[in-house]
Every structure is written in C-alpha cells, then in structure tokens.
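Each remark here refers to the structure printed beneath this line.
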Amino acid sequence: MSAFARPLPATGVLCGIGAYLSWGLFPAFFGLLAPAGAVEILAHRVVWTLVLMLILLAILGRLSGLRHLGARTWALVAAASTAIAVNWGVYIYAVVSGQVIQAALGYFINPLVSVVFGVLFFRERLRPAQIVALIAAAVAVVVITVDYGRPPFLALILAFSFASYGVIKKIVPLDPRTSLAGEGVVAMPFAVAYLVFLGVTGSGTFVGYGIGHSLLLMSAGLVTAVPLLLFGAAAHRVPLATMGMLQYLTPSLQMAWGVLVLHEDMPASRWIGFALIWAALVVFSTDALIRVRRERGLRMAATSDE
C-alpha cells in the first residue's frame, strides 16, 4: 500500500507539527527578550544551546564523538556554524526590529533556494515544474523589491544562509546532535567574548533587569534545542513529502504574527509578491508529491513482480 494511503504515525506527525509550530512562534519568544539587542540574544542562544547539547550528549554517552573529529569534519562543522549563526542573527534582528514579515518571506523562499543549491552543488536536474516555480519566485522577489524600494535583503540572507546550512549538513559525517554541539563549540569563544565585553562595558542586559529576564535569555538554549529534537524524531517517522508540507507552518505563523500582532505594513503590491511566492510553492510542492507517489508506485510494482 502506498505511504499516502497508510495512516501516518501519529507520534511522528505530532513531533513534526510541534517542531514547526515552535519555530513559527519564535517571534513571540524573541520579542520577550527586550531590551537585549540582537547580537546579545544570539550570543546567549549559542552559549545555552551548547550547554544543553553537551548535557544531552553526556547523558547519551556520546561526548567522546567530539574528541575524535578530523580536521575536514571540523572544517565542515565550522562552516555550518558560520551559516547557522548568520541565519540566527539575522532572524533575531528581523524580529527585534519589527520586520517579521520579511523574515517569513525568507523561509517561504528557502525551499526554492535549496533546489538551486541542489543543482549547483549536487548536479541535480531541474524538472519543468521546478523551473516554473523558480521563475515565479524570481518575479516575486522583483515585485517585492519594487515595493520596498530595495531588495528584501533580510529575507534573501535568511533563505541563502539556511540553504547553505542544509548543504553543509548534508555532507557533514555526524549525527544532528553531535553536529549541533560541534557548531556550538566553534561559536562559543566568539559568543563568550562578546558577552564578557558587554559585562565589562556595562551594556549587557543579563544582569540588572531581574531574574525573569536572565532566565528568559538562558531559556534560549532550550527553545532552540527542543524543536530540533522534535524535528529529528519526526524525520525518522514521517514521509519526506509530509515533512515538506508541514514546513510551511513556520513562515505562515511568522507572517500571521507580523500582520495581526505587530501590524506591519502590507500594501497591495507586497501581497502580490507573496501571492507569487505561494503560487511557486504550490507548483513546487505538487510536483514533489507527484514524484514521490510515482517513485513509490514503481518500487511497489518492482517488489510485487519479484
């Protein structure tokens, strides 16, 4: 029976929904961290995520994995750390500066950028539907550029940095937990140095704004790690096509937050640009579903012939 006809594992689906809902609610969380600035929040996110991941690896008995990484693996981990730090930093900046809608645009564009990277780095071939989706996305970016009076730099940086992170994670020879811990090890000296600088100059917010604020900054590690662990659990239980559909929960929630809660400006021209992006994603996702169903059908037919 096709995977589309079988009932999906309830636990896997719930984990996937939990991960994408959590990421979609990040604007609400980071908004609570004022008056901390974007870089300070990023530094705390790096530090406390690493602390949590090291504790998790210790519990699982996998800390030794970090001690035996080769130079090439560490180079890949450092590249991944740089890409995700840029992504996290720009996203936090978008939230604290009231540009959540542009951040949502970045995550709507991200799957299409990943397709382009697949062609560039893994010599994947574009199918006609993917070409149509990419053209529609390019037109959408032009429309939004005209609307803003400048390219949507935050959205583009978010899309390209996360797509780059995905490329690196595809080739790094580590499980996600060890890789994330390694990325934190690379970024930790920079994060700690910046937090020390803030403390010495008296411009930090970790101390002096109450225990509640300090705990919120520390909880950035938990807020970062939990969705990643839920995502990992879902990825092992749910078909890839289903995960591809669930991923749009995140930018949809982010956009809803920007429009309904922050009341960010959304003129008609910007709606047109987003409509083009959504049309591109419909074409892209439909093509992916058809291809997965066809491949599953062929595999089942081959199995039945045997």
- [ ] Pick out the one residue from 43, 36 that is open to solvent by less than 50 Å² (accessible area, probe 1.4 Å), in a loop (DSSP other than H, G, I, E, B) and either modelled with pLDDT of 90 or more or over 26 Å from residue 197 (Cα atoms) (or both).
- [x] 36
Task: Single match in 276, 228, 217, 222 (criterion: open to solvent by less than 40 Å² (accessible area, probe 1.4 Å) and aliphatic (A, V, I, L, M)) - done: 217
Task: Residues of the stretch 251-273 satisfying the condition of being open to solvent by 40 Å² or more (accessible area, probe 1.4 Å) and among the acidic types (Asp, Glu) - done: 265
TODO: Return yes when residue 50 is under 14 Å from residue 181 (Cβ atoms), out of contact with any His (no Cβ under 8 Å at 6 or more places or on another chain) and crowded, with 19+ Cβ neighbours inside 10 Å and no when it is not.
DONE: yes
Open item on the list: Can you go through 106, 65 and tell me which one is in contact with a helix residue (DSSP H, G or I) (Cβ under 6 Å, 6 or more places away or on another chain), at pLDDT 90 or above and of a type in the set (Gly, Ala, Ser)?
Closed with: 106
Open item on the list: Please pick out the residue among 77, 96, 100, 115 that is surrounded by 24 or more Cβ atoms within 10 Å (Cβ to Cβ) and touching a Phe, Trp or Tyr at 6+ places or on another chain (Cβ under 9 Å).
Closed with: 100
Task: Those residues of the stretch 130-182 which are closer than 30 Å to residue 73 by Cβ, surrounded by fewer than 19 Cβ atoms within 10 Å (Cβ to Cβ) and of a type in the set (Gly, Ala, Ser), in sequence order - done: 166
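The values are calculated or read from the model by the stated rules, or taken from the named source; none is laboratory data. On a predicted model such as this, the values are computed, not experimentally measured, just so you know. Glycine gets a Cβ as well: all are built from the backbone with ideal geometry, and neighbour counts include every protein chain shown. Each accessible area value is taken on the protein alone, full model and side chains, heavy atoms only, with ligands, DNA and RNA left out. Shrake-Rupley method; radii C 1.70, N 1.55, O 1.52, S 1.80 Å.
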